[in-house]
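The values are calculated or read from the model by the stated rules, or taken from the named source; none is laboratory data. Owing to the predicted nature of the structure, the values given are computational and were not obtained by experimental measurement. Here the Cβ is made from the backbone with ideal geometry for all residues, glycine too, and neighbour counts use every protein chain on show. Accessible surface is based on the protein model in full, side chains and every heavy atom, while ligands, DNA and RNA are left aside. Shrake-Rupley method; radii C 1.70, N 1.55, O 1.52, S 1.80 Å.
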Amino acid sequence: MMTKREKILLFFLLTFILLLRLYHINVGPVEIEESWRQADTASIARNFAGYDFHPFHPNLNYDGPFPNIPALEIQVTTYLIAILYKVFGYHYFLARAVPIAFFLISALYLYLLARLYLGWNGAAYSLLIYGVLPINLYYSRAIMPESAALMFWIGGFYYFNRWIIKQNNCREHQRNDHQNHGNNRNGDVNDHGYSDLISKYGLLILSSFFLALAIMTKPPVIFIGIPMIYLCFKYYGRKWLKMRVFWIYGFITAALPACYYYFSTTAAEYKFTLGITRNIIFKQAVTTFYSPEALDFYTVNLPRALGISGLLLCLAGIFFLRGKQKVFLVWFIAMIFEAILIVSGIRAFYYLIFLMVPCCLLAGNLLARAAAGPVGKIAGVVLVLLLMKESYDLVKPMFTINTVMAQQVNVVKQLTVQDDLLVVGSLDPCLLDLTDRRGWRYNLRLYAATPKDPIQELDDYIARGAKYFVPIQGKIYGDQDEKLLSYIEGEYPKLEVVQGYPIYVLK
């Protein structure tokens, strides 16, 4: 049980973590950091609220008019945002409030998990580091599903740890009873009747439900299975392989996501996300991690994600784990494998967020051990303050507003109406989301059915209802010699209410 002092400390830390995330809370996806990914998520939420409220029919704003359903992960974050939109109207602070809430709950679960192995002191340090790491500070309030995945993931692992520790304690008590009183119960975890099912397996059921949702939200979290298997061996040895409860648990946890992803692919009109998984992850998983591109990615982005001080604390923390705490080292190694096999091919900065969880636990344990003496406490405070300063310096540029996109949004809203279909001269879907318009991204080369010739491609979009062509600040992605722009300039009338931001009328 937590003491009153510990509860006050936990409340203070969670409040502090919340306050750090209120900056730019009502700003749409016009920040320069991963604005396109946030625009995707925000548009799905808006389309749930304004077009189709079916939870398994997410619609994107690009690839033409509705319906526009892709094969995607389960849309927990976007659906909750859509509910808030329906009740309170369209406000970006509502869209950011959902991932912030998920992150705060994930932080609570992290504290509770750390408390099982590191004590309240180590848990407090782990929680504080989790809250101020650069990557967490930005992406935990981004309009993206990462915060929800973190909550389900850490919560599922916490409940599994709680269950397996509880079962081990029960076995110890039963063994003692047998020795002291001749009780012939053997401590098998399958010996209870149906009436005790929830009492006995409630934590395991919660764990399975949470982890299934985590996998449906972000599949790479499946690497949590490695530290879970480690725990099974640690507590049961090879006997766990013969225990039905673990096989049932594993089957249900894997089967629910498998069923969902199968359903998603059958319901989808656009399956380009499956091509990304097949071509980038499966085909290149073993070879990309030692490519020059991957090495450059990690060299640049690991210090961005952790800060130099956070990176050093994490690596040093490996050598201060004792006994049962080594489960966090196994978790860290598992996420290194995830980085090697998945992140190396995708090379998206925000994919590193899952590696940060065991990193925070390693660093938190180190600071807790160092804080045992007065000098160590001072050093711990200094290191945390240094990490906070680094985090501020690293995150501040990420909040920079893309002024070109913001101006382009104002122009499009001024010259078009919501039902107009646009062709956008960029791969970035932000313009379509921020203006609440639908249409196509030009010169994309993504679908086999799209004409390869850019002029034929434009004619195809016009035949499908496109009304305006919108270059971003007068430029088209991939048109370095401006031949496409010259063709469009000669063929279609131009509207230019703001100098340098033309729009061309296709119909």
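Observations, loosely collected:
- Against the main long axis of the alpha-carbon atoms of the chain, helix 35-50 sits at an angle near 90°.
- Listed by chain and number, the lysines whose alpha-carbon sits under 20 Å from that of Lys234, ignoring those within fewer than 8 places in the same chain, are Lys166, Lys242, Lys324, Lys326.
- Within the same chain, aspartates and glutamates fewer than 8 places from Lys200 are excluded, and of the rest, those with a Cα less than 20 Å from its Cα are Glu172, Asp177, Asp188, Asp191.
- DSSP beta bridges in the chain [antiparallel fraction, %, rounded to 5]: 40
- Sum of side-chain charges, Pro67 neighbourhood, beta-carbon under 9 Å (Lys, Arg +1; Asp, Glu -1): -2
- Counting only alpha carbon atoms, the long axis of helix 76-88 and the longest principal axis of the chain meet at about 70°.
- Segments 119-127, 398-406, 29-37 sorted - mean Cβ within 10 Å per residue, highest first: 119-127, 29-37, 398-406
- Of the trypsin sites (Lys or Arg not before Pro) in the range 285-327, those whose Cβ has at most 16 other Cβ within 10 Å and which sit in DSSP loop: Arg322
- Computed with a 1.4 Å probe over protein heavy atoms only, the accessible area of Leu484 comes to about 20 Å².
- Inter-site label distance for Phe319 and Val404 at 7 Å from Cα along Cβ, in nm: 4.7
- Acute angle (nearest 10 degrees) that the helix 225-236 long axis makes with the longest principal axis of the chain, alpha-carbon atoms: 10
- Prolate/oblate/rounded call for the chain, Cα gyration tensor, a/c under 1.5 rounded: prolate
- Shape of the range 299-343, Cα gyration tensor, a/c cut at 1.5: oblate
- Rounded, prolate or oblate (a/c below 1.5 giving rounded, otherwise prolate when a/b exceeds b/c) for the range 350-395 by Cα gyration tensor: oblate
- Net charge contributed by nearby residues that have their C-beta within less than 15 Å of Leu485 (K/R +1, D/E -1): -4
- Based on protein heavy atoms only, the chain ends up with 45 Å² per residue of surface accessible to a 1.4 Å probe.
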